[in-house]
Amino acid sequence: VSKCLFCPSTNPYADLVHCLRAAWMTGKTRSEEYRVHQLEALCHFLDERHADIQHALCADLHKPCFETEITEIILVRNELANALNNLCCWMKDERVNKNLMTLMDCSFIRKDPYGVVLIIGAYNYPIHLTLLPLVGAIAAGNCVVLKPSELSSCTERLLAKALPCYMDPVTGPEETGKLLENKFDYIFCTGSTHVGKIVMTAAAKHLTPLTLELGGKCPCYVDRCCDFQNAANRIAWGKFINAGQTCVAPDYCDPVMQEEISAPILPIFIVRDLEEAIDFINCRERPLAVYAFSSDSKVVNQVLDHTSSGTFCGNDTAIQATLVSLPFGGIGYSGFGQYHGKFSFDTFTHFRGCLLRCMGMELMNKMRYPPYNNKKLRAMVCAMEVKRHWF
């Protein structure tokens, strides 16, 4: 990275990142007590600003209080409770197996924080997809720059204004800017703002080529789709039509089959059988999630066994994301890294392999030194070899 990117005159966030790195270098974020304090502060934020969060999400997404509670707040609460319950165990050094060469030594995995990390939130679940990774980053002992999505502006303002009142400023959120021009030890992005902007600010342009018949105005959805701040851009449930006004299935090459759709549109592709459906999934980039619906468990398991995706759910959608015990994340083009529970902690943790050599082992070390001979070779192989178990 060019040094000019760290110059305050060209990058308004250079001082912030330098300050965070200096704070991390003091080691203050590494102690269990500090991490617990910050996580508990985040709990207080959720409790005391509960109504503010609901109002912000209603203003940004027209999200009902019921959905805000179920899809945003309770999921973050669960992550916090799980992290606070298990943090001591997660932080402990992990002992590992040794060979004869290292039998008298101490070998372990140290759970080190990355350092200064950047979390980029997403607009569609602006509390859930911003604060869930924040829980993991703090639990792992990092300093965090939090960048909420500017598309959910009311929630962004709430986080920027309120969170520093509860948490140490070195782990609080910052406004948007040239953050990516700074050097971070890890960057976690939970959504594509590029796709969000296309859908929300140019919905008509983005969806017109699909030839839509707008109808079936669902009262729960019509006010919550596309550009939530511009009523002119709101659309209702849609279905595909051709020139003769007959409903048709989309073609392989239609844009709706190639891009992410953040709108109330459900493309339905007709296949001859289950094998063709599985082939349809497998010949494309691996998706964030695969959902299979069938009263026959063999069908659901066949889809599970013969496809690859970030997550999988049978006979429901998205419910797998409510479990802190299951990892959530993509694979390939659908994303990298996982979060939820310990997976969040692991995502923001460097697993540092460590070995503390026992002194006074020079007699054994002589096997490693020249002059080499077959006797030394056999001894070294015997001391280092991993034996296969036969059952």
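In this structure the amide hydrogen of residue 350, modeled in the peptide plane, comes within under 5 Å of the amide hydrogens of 112, 114, none closer than 5 places in sequence on its chain. Residues whose amide H comes within less than 5 Å of that of residue 290, counting only those at least five positions distant or on another chain, are 311, 312, 313 (H built at 1.01 Å from N in the peptide plane). Note on segment 13-115: along the principal axes its Cα atoms extend 63, 35, 22 Å, ordered by decreasing extent.
What the phi angles of segment 46-62 give under the Karplus curve with 6.51, -1.76 and 1.60, with θ = phi - 60°, is a coupling list of 5, 5, 7, 10, 4, 5, 5, 5, 4, 5, 5, 5, 5, 5, 6, 10, 6 Hz, glycine and proline written as x.
Computed log10 I(q)/I(0) for segment 279-391 at 0.19 Å⁻¹: -1.03, from the Debye equation with unit scatterers placed on every C-alpha and solvent omitted.
Of the solvent-accessible surface of segment 1-137, computed with a 1.4 Å probe and all protein chains present, 60% belongs to carbon and sulfur. Below 14 angstrom from the Cβ of residue 348, what's the summed charge of the other residues (Lys, Arg +1; Asp, Glu -1)? Net charge around residue 348: +1. Just to verify a number: what accessible area does residue 357 come out at with the full protein assembly present, 1.4 Å probe, Å² rounded to tens? Looks like 80 Å² after rounding. Karplus-derived 3J(HN,Hα) values for segment 159-164, using 6.51 cos²θ - 1.76 cosθ + 1.60 with θ = phi - 60°, are 5, 5, 8, 8, 4, x Hz; glycine and proline are entered as x.
Compute, for segment 290-391, the length of the dipole vector about the Cα centre, with Cβ point charges of +1 (Lys, Arg) and -1 (Asp, Glu) only. Units Debye, rounded to 20. All intermediate terms of the calculation are to be shown ahead of the outcome.
Working: 11 positive and 6 negative charges, 215 e Å.
That gives segment 290-391 a dipole magnitude of about 1040 debye.
Rounded, prolate or oblate: which one fits segment 68-157, using the alpha carbon gyration tensor with axes a ≥ b ≥ c (rounded when a/c is under 1.5, else prolate when a/b beats b/c, else oblate)? Prolate, since a/c reaches 1.5 and a/b exceeds b/c.
Once you divide the Cα radius of gyration of segment 334-391 by 2.2 N^0.38 Å, the number left is 1.95. Each residue of segment 91-98 is assigned a 3J(HN,Hα), and the resulting list reads 6, 5, 4, 9, 6, 10, 5, 10 Hz, derived from the Karplus form 6.51 cos²θ - 1.76 cosθ + 1.60 (θ = phi - 60°), x at Gly and Pro. Charge tally for residue 337 (other residues, Cβ to Cβ under 14 Å; Lys, Arg +1; Asp, Glu -1): -1.
Give me the Kirkwood hydrodynamic radius of segment 97-145 in Å, from all C-alpha pairs, to one decimal place? Roughly 13.4 Å, rounded to one decimal.
The values are calculated or read from the model by the stated rules, or taken from the named source; none is laboratory data. Because the structure is predicted, anything quoted here is derived from the model rather than measured. Neighbour counts are summed over all protein chains in view; Cβ atoms, including those assigned to glycine, are modelled from backbone coordinates with ideal geometry. Keep in mind that these areas ignore ligands, DNA and RNA; they rest on the heavy atoms of the full protein, side chains included. Shrake-Rupley method; radii C 1.70, N 1.55, O 1.52, S 1.80 Å.
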